[in-house]
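The values are calculated or read from the model by the stated rules, or taken from the named source; none is laboratory data. Quick caveat, the model's predicted, so the values are computed rather than measured. Neighbour counts run over all protein chains shown; Cβ positions are idealised from the backbone, glycine included. Please note that ligands, DNA and RNA were not included when accessible areas were found on the heavy atoms of the full protein model with its side chains. Shrake-Rupley method; radii C 1.70, N 1.55, O 1.52, S 1.80 Å.
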Amino acid sequence: MVQPTYDSTPAVNGSLHSKGDTRRRHFRHLVSNTFARYYFLFSILVLCLVLALVIVFIGKTAMLLLGQISLADFFLSFNWTPEEDKFGAAAFIINTLSLTALTLLISVPVSVGMAVLTAEIAPAWLKRFIRPILDLLVGIPSIVYGYLGLTVLLPLLRRASGESLGDGLLAAGLVLALMVLPTIARISDDAITAVPGKYRDAAYALGSTRLQVILRVVLPAAGRGILAAVILGMTRAIGETMAVVMVIGNTPQLAKTLFTPASVLTSNIVMQISNVEFDSTWNYALHMMAFLLLLISFLLILVIRFLGRKRREG
C-alpha cells in the first residue's frame, strides 16, 4: 500500500516569512523607541540649557549692580530717580506685593465659589457650558484684558470714585483678578472633582447637609489642590506686564491709595528697559528687578511641586 506524502515546503516558507516579519517589526520598534528616547532627552537638555542661559544672563547682569550701589539702597530706598543715580526699588516691590494681595483678595473667593458651583452643585448641562467658557477665558491674551480695562473699567472707576484719572492699584487689581479667575477656578474645579465620592457618602450618611459636606469635607480634602491653584494664579499676577502697564498709571512712587498712579516691578521694567544703555547702573537695576521676579516665580513653583508631592503621598 502506497503511503500518501505531504509537501511541507509551504509551511516552512510560511514560518520563515513569519519570523522575518517579526524581526522587521522588532527592529522598527527598537529604532523608533531609541529615536524617541534620544529625542526626549535632547528636548529636556535644550529646555535646561535655555533655562540656565536665562538665569545666568539675568543673574550675571543683575549682580553687576552690587559694584555700583548697595543692596540696602536698592531694596530699602523709595527714591527711584535714575537721572540722579538714585535706584531705590522699595516702592516697586511694595506695590507689586500689594497688587498681588489685592488681586487674590478679589479673585480667590469668586474662583473657589465658581469651582464649587461647577463641581458640586451645577447640573451636567451647566457644567458642559461653564468649563469651556473658563478654558476660553484662560487663552485670551493679556493685552485684550488691558485694553478692556483702559477703555471700559477706567471710565467706570472715574465716575464711581470722582477721581480725575482712575489709574492705580484698584484698576490693575480688577483686571488681574479677571485674568487669574479662570485659571484658579479650573484647577480648583479639578481638585474638588478628584475628591473621592466615599467622603461625600460618609458625610451624608452621618446626616450632614450639602453645605456642610462642601465646607467641612470636600474643601478641606481638596485644600492642597486649591492652594496650588491660588499660587499658580499668584505667579501669573506677579509676572503680568502689558495689562498692568495699561491701567496702573506707570508712576514711580508708592501707592498710598487705591487710586494713586503707581508702578510695579514688571511695568517699570517694560517702560524703561528700551531707553537705557546696557553698561549702566540703570540697566543693572532693571535686571536686578527681573532677577527678583524670577526668584519669586521659582519659589512659588517649588511650593506648588511640594504641595503636589504631599497630595500624592496623602
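If you go through the range 255-290 and keep only what is open to solvent by 40 Å² or more (accessible area, probe 1.4 Å) and either farther than 16 Å from ASN95 by Cα or in contact with a Ser or Thr (Cβ under 8 Å, 6 or more places away or on another chain) (or both), you end up with PHE259, VAL270, MET271, ILE273, SER274, ASN275, GLU277, PHE278, ASP279, TRP282. Looking for something touching a Pro at 6+ places or on another chain (Cβ under 6 Å) and at pLDDT 90 or above - is there at least one such residue anywhere in the range 89-103? No.
Among the residues of the range 56-81, those identified as open to solvent by 60 Å² or more (accessible area, probe 1.4 Å) and either assigned to a helix (DSSP H, G or I) or free of Cβ contacts under 8 Å to residues at least 12 places away in the same chain (or both) are VAL56, PHE57, LYS60, MET63, LEU64, LEU66, GLY67, LEU71, ASP73, PHE75, LEU76, ASN79.
On the given criteria, is THR281 within 15 Å of LEU99 (Cα to Cα) and of a type outside the set (D, E, K, R)?
Numbers: within 15 Å of LEU99 (Cα to Cα): no; of a type outside the set (D, E, K, R): yes.
In short, no.
Among the residues of the range 206-220, just one is touching a helix residue (DSSP H, G or I) at 6+ places or on another chain (Cβ under 6 Å) and open to solvent by 30 Å² or more (accessible area, probe 1.4 Å), namely VAL217. Scanning the range 159-175 for residues being open to solvent by less than 70 Å² (accessible area, probe 1.4 Å) and among the acidic types (Asp, Glu) gives a total of 1. In the range 69-97, of all residues being among the polar types (S, T, N, Q) and under 29 Å from the mean Cα position of the chain (by Cα), the one that is farthest from HIS287 (Cα to Cα) corresponds to ASN95. Of all the listed residues (LEU178, LEU150, LEU156, LEU134), the sole one being part of a helix (DSSP H, G or I), under 24 Å from ILE226 (Cα atoms) and open to solvent by 30 Å² or more (accessible area, probe 1.4 Å) is LEU178.
Matching residues to (1) touching a Leu at 6+ places or on another chain (Cβ under 9 Å); (2) aromatic (Phe, Trp, Tyr); (3) farther than 20 Å from LEU176 by Cα:
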position	(1), (2), (3)
PRO220	no, no, yes
GLY249	yes, no, no
LEU258	yes, no, no
PRO261	yes, no, no
LEU265	yes, no, no
GLN272	yes, no, yes
PHE291	no, yes, yes
LEU299	no, no, yes
ARG305	no, no, yes
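Of the numbered criteria (1) exposed (fewer than 10 other Cβ atoms within 10 Å of the Cβ); (2) within 20 Å of PHE291 (Cβ to Cβ), the one GLU84 fails is (2). Name the one entry in LEU41, LEU105, LEU66 that is among the aliphatic types (A, V, I, L, M) and more than 29 Å from the chain's Cα centre (by Cα). The conditions single out LEU66.
Scanning the range 191-223 for residues being part of a helix (DSSP H, G or I) and either within 21 Å of LEU105 (Cβ to Cβ) or aliphatic (A, V, I, L, M) (or both) gives a total of 14.
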